[in-house]
Amino acid sequence: MDISDWRKRIDDIDAQLAELLSERSRCVIEIGKIKRQQQLPVYDPQREKEIFERIARNNRGPLENEALRRLFERILDESRRVERVVLEEQT
């Protein structure tokens with residue numbers, strides 16, 4: 001394989017990642033609706049701790065656990081933002 005083949009593979013993976021992140025956001029929106037009904041807070045530090053632990057436990061590399069944690073911190077930040085927007089729209 002040459003560089004263009006590898007770049008094409010990366011482009012395909014990026015498209016899959018974007019779709020998976022969108023699917024995750026759709027789930028977050030539904031969870032936000034449930035949290036609103038049950039008057040639960042958007043931020044759940046215990047849940048985030050569990051996510052980070054699960055990600056580290058399942059990590060097979062080559063990314064280090066700390067690198068994955070930083071990536072998931074951003075994903076969770078955006079998830080909370082999406083959840084808050086949905087909650088605000090429903091008020």
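Of note:
- All Cα-Cα distances of the chain, cut into 5 Å bins from zero to the largest, leave 3, 12, 17, 20, 18, 12, 9, 5, 3, 1, 0 percent in each bin in turn.
- Each Lys and Arg Cβ is given +1 and each Asp and Glu Cβ -1; about its Cα centre, region 3-89 then shows a dipole of about 200 debye.
- At most 13 other Cβ within 10 Å, DSSP loop - trypsin sites (Lys or Arg not before Pro), region 1-81: Arg60
- Calculated from backbone phi, Karplus (6.51, -1.76, 1.60) coupling profile of region 46-54 in Hz, x at Gly/Pro: 5, 4, 5, 4, 4, 4, 4, 5, 5
- Cross-link partners of Lys35 among aspartates and glutamates (Cα-Cα below 20 Å; sequence separation of 8 or more within a chain): Glu23, Asp44, Glu48, Glu50, Asp77, Glu78, Glu83, Glu88, Glu89
- GluC sites (Glu not before Pro) restricted to the chain and DSSP loop, no more than 14 other C-beta within 10 Å: Glu64
Only the coordinates and a few stated rules stand behind these numbers; no lab work does. Every value quoted in this text rests on a predicted model; they were computed, and no experiment measured them. Note: ideal-geometry Cβ built from the backbone for every residue, glycine included; neighbour counts use all protein chains shown.
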